[in-house]
Amino acid sequence: MNAAEKAFNVVKKKINGAEIALILGSGLGALADEAKNRKEISYDKIPGFAKSKVPGHSGKLISGTIASRKVIIMSGRIHYYEGHPMEKLVLMIEVLAKMGVKKLIVTNAGGAVKKSFKVPSLMLINDHINMIGDNPLIGGAHFIDLSDAYDAEYRKIVKAAAKKIKIKINEGVYLALSGPSYETKAEIRMVRTLGADAVGMSTVPEVLVAKKLGMRVIGISCLTNYACGVTGAPLSHKEVLESGKQISKNFILLIKGILSSKKF
Ligand code: HPA
């Protein structure tokens, strides 16, 4: 039995399967409280899973229904910068696949690189740039196509849902760096020159594994602060979490809107 099968055998006894999964970013954990008929298992109880030590990440797999749709919620993710090997991250997404997941909504907290974006606000990710310095697919000849990494059809659904509930949502490119330090002003100038609109330390690894496993992906970034040098204000994780809370209501409304869409 491989590691993913071992973890799956434990998880399937505790929570229900679902076609849709959500990965919640820093400070966005409140969405999990919306799930009805909740069942949950702590990452501690799952072989091969690791709990994030980062404040704002709880560390549970939860099943339930939101907007009458069955979902699995990964409440709390691990990050490459915590020193976890990429295999742990791969394993977590493989377990979702075994639980029946085919559609993945990945969320994160990010810094706004584009000056015209409001903060806090929501950004629909339409593409990414991987500058984490690693790739979870290393170890196999996984030459996967990423021309539609953030599903074009689903992006239309997200925009329609935002319009319906009158939330302004920007669209843009997310660039992932390893962290854990925030970027320098010079790095943010580089990031902007490279064509990114937001910057963060997560999401890309999970999306790469999800695409390899054939999932369709939606990415939503909660822009919790302006990236370094954009306004001159210093950055802090406290601000990230506070902004996450401020945007939480709109974020929950948007997710419910997406889940309510007949096209999703
Ligand atoms: N940079 C990197 N990661 C982040 C930021 C940022 O400004 N804000 C939230 N996550």
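Got at least one residue in the range 243-250 being open to solvent by 30 Å² or more (accessible area, probe 1.4 Å) and either modelled with pLDDT of 95 or more or among the polar types (S, T, N, Q) (or both)?
So far as the range 243-250 goes, yes, one or more of its residues are open to solvent by 30 Å² or more (accessible area, probe 1.4 Å) and either modelled with pLDDT of 95 or more or among the polar types (S, T, N, Q) (or both).
Do you know which residues across the range 8-28 are surrounded by fewer than 21 Cβ atoms within 10 Å (Cβ to Cβ) and either in a helix (DSSP H, G or I) or within 16 Å of the ligand (Cβ to nearest atom) (or both)?
Hits for the range 8-28 are Asn9, Val10, Lys12, Lys13, Lys14.
Within the range 161-187, track down each residue that is farther than 20 Å from Ile247 by Cβ, open to solvent by 50 Å² or more (accessible area, probe 1.4 Å) and not in a loop (DSSP other than H, G, I, E, B).
Lys185, Ala186, Glu187
Answer yes if at least one residue in the range 229-237 is more than 10 Å from the ligand (Cβ to nearest atom), closer than 20 Å to Ile125 by Cβ and aliphatic (A, V, I, L, M), and no otherwise.
no
Among the candidates Val54, Val90, Val119, single out the residue that is open to solvent by 10 Å² or more (accessible area, probe 1.4 Å), touching a strand residue (DSSP E or B) at 6+ places or on another chain (Cβ under 8 Å) and modelled with pLDDT under 95.
Val119
Pick out the one residue from Val240, Val207, Val217, Val199 that is modelled with pLDDT of 95 or more, outside any loop (DSSP other than H, G, I, E, B), near the ligand (Cβ under 9 Å from one of its atoms) and in contact with a strand residue (DSSP E or B) (Cβ under 6 Å, 6 or more places away or on another chain).
Step by step, each of Val240, Val207, Val217, Val199 is checked, and only Val199 is modelled with pLDDT of 95 or more, outside any loop (DSSP other than H, G, I, E, B), near the ligand (Cβ under 9 Å from one of its atoms) and in contact with a strand residue (DSSP E or B) (Cβ under 6 Å, 6 or more places away or on another chain).
Looking at (1) within 15 Å of the ligand (Cβ to nearest atom); (2) farther than 17 Å from Lys103 by Cα, find the lone condition where Ile165 falls short.
(1)
The values are calculated or read from the model by the stated rules, or taken from the named source; none is laboratory data. For clarity, every value in this text was computed on a predicted model and none was experimentally measured. Quick reminder, even Gly has a Cβ in these numbers, built from the backbone with ideal geometry, and neighbours come from all protein chains shown. Surface accessibility is based on the protein's heavy atoms, side chains included, excluding ligands, DNA and RNA. Shrake-Rupley method; radii C 1.70, N 1.55, O 1.52, S 1.80 Å.
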